[in-house]
Each structure stands twice: as C-alpha cells, then as structure tokens.
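Read-outs throughout are calculated quantities, based only on the coordinates presented, and are distinct from any laboratory measurement. This is a predicted model, so every value here is computed, not measured. Positions of Cβ are backbone-derived with ideal geometry, glycine not excepted, and every protein chain shown enters the neighbour counts.
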C-alpha cells in the first residue's frame, strides 16, 4: 500500500508530465485535495506535505474540518451542490464555490455573503442526466444575469467528465469546457473574468491538465481512504 508521501510524489510526477506534454507551467496548476471521505487527521497529514487547498462537498463536513484545522492557513473549496437553505452556513467559510449553477443560489449568496465570493459556474458538458450543472447553451445568459449580484465573481467554469475509460470522450468534455470558458473570458466582463477551469479528478486529472485545467480536484488518489488506518 502506497504511503501518502508516495502518492503525492506520483501525482506530482504525472502533473509535471502532463504540463510538459502540453507546454504548460507547473505553477499554473492548483491541486485541491478533496478530503470529504477522510478525517481531519488525514487532512492535516496532507497539509504537512504542503497542500493548502482543501475541498469538501457537504456543509457539515466543511465546518467540522475547519473546526479541527482552524490553526492552519488554508484555502477552502466547496465542490458539491449546495441547497439554497444551506448557503448561509458555508458562504462566509469558503474561498471558492465550484458549483454555482442556478439563480436561486446566486440570490442566497448575495443575501448572505459578507464579501465577494469567487465562484466557478458548473456546466454539464457531457449532458448526462446524473450530473448537475447548466446546459452549455444556457451558460452565456446565466453569466450575464449574474452581473447584478456584486457578491459574486465568476472566476471560471467547472465540469465533471463522464466516468468512463474512453479517454477521447473525457478529453472532448474538457476541451469543450475550455472553449466555453474562452467564450466568456473574451467578453471581459467585470463580474466574470472567467479565466480558470476546475476540471479533472483522481482518474482523469492528467488529461484535464493537458486540456487546460487550472484546478484539479484529487481525492482518493491523494488522500486515500479511512480504511487505511485513519481514525
């Protein structure tokens, strides 16, 4: 069984290789350690290895981790869907929200946030019914509608690729999100610079980097699971 250090070294090697293949710089890639399935103890071990970006997908998990890790200097990413009634619980506790996809959430952010929140708009590029997110054709109108909410800054787009071994399908999904990002970025909207891409997880982050990802959300491949002896 690989240790945390070994897993991190392997991931770093694969990130660098993907950067080399695509002519990108390693410093342009942010690794978000998805700690939703492990304890604060394991999360602290990840932090000790130099990762300072943590991702959670449930309000309860986010708040519990923050309570345990409050002495650490971290950036917190909320990567799951959030119910409108839960926005108030998390919005001042996160640095990035990766799942903005409806106006009801935007309205709650505007109402509850004490400062501007950096948001990724989630797009369902693959068209799978099981996935959340806007349809690509609805993206531009949605982003334009967000201009009236001064507590929201659209820093980029997010998607989840299909869970498949068909690399070309995965690659096409990521490439499509990059194209959508470019279509928004070229408008130079004050509220939506839209320069970032949150895409790629444990099984496809290398492909995502080759296709332009700036933020990769890596869970099990990095942090492992509780069954490895964590509390």
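The table below lists the values:
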read-out: Exposure proxy ranking, count of Cβ atoms within 10 Å, fewest first, for 169, 76; value: 169, 76
read-out: Order of 198, 132 - criterion: other Cβ atoms within 10 Å of each residue's Cβ, fewest first; value: 132, 198
read-out: Inter-centroid distance (Cα atoms) of the range 26-102 relative to the range 182-212, Å; value: 19 Å
read-out: For the chain, built as a Gaussian network whose Cα springs stay under 10 Å, the top-fluctuating residue of 164, 52, 195; value: 164
read-out: Kirkwood-based Rg to Rh ratio, the chain, C-alpha trace; value: 0.95
read-out: For the chain, calculated [θ]222 nm from helices alone, where every DSSP H run of n ≥ 4 adds -39500 (n - 2.57); value: -11000 deg cm²/dmol
read-out: Listed residues 21, 217, 175, most fluctuating in the chain (Gaussian network, C-alpha, under 10 Å); value: 21
read-out: Contact order relative to length of the range 105-154, as percent, for alpha carbon pairs under 8 angstrom and 6 or more apart; value: 52 percent
read-out: Rounded to 5, percent antiparallel among DSSP beta bridges of the range 4-226; value: 5 percent
read-out: Distance in nm between pseudo-label sites at residue 73 and residue 140 (7 Å out along the Cβ direction from Cα); value: 4.3 nm
read-out: Relative contact order (%) - the range 4-226, alpha-carbon pairs under 8 angstrom, separation at least six; value: 22 percent
read-out: Alpha-carbon Debye profile of the range 141-231, log10 I(q)/I(0) at 0.14, 0.22 Å⁻¹; value: -0.58, -1.00
read-out: Which of 49, 139, 157, 197 has the fewest Cβ neighbours within 10 Å, and the rest in rising order; value: 49, 139, 197, 157
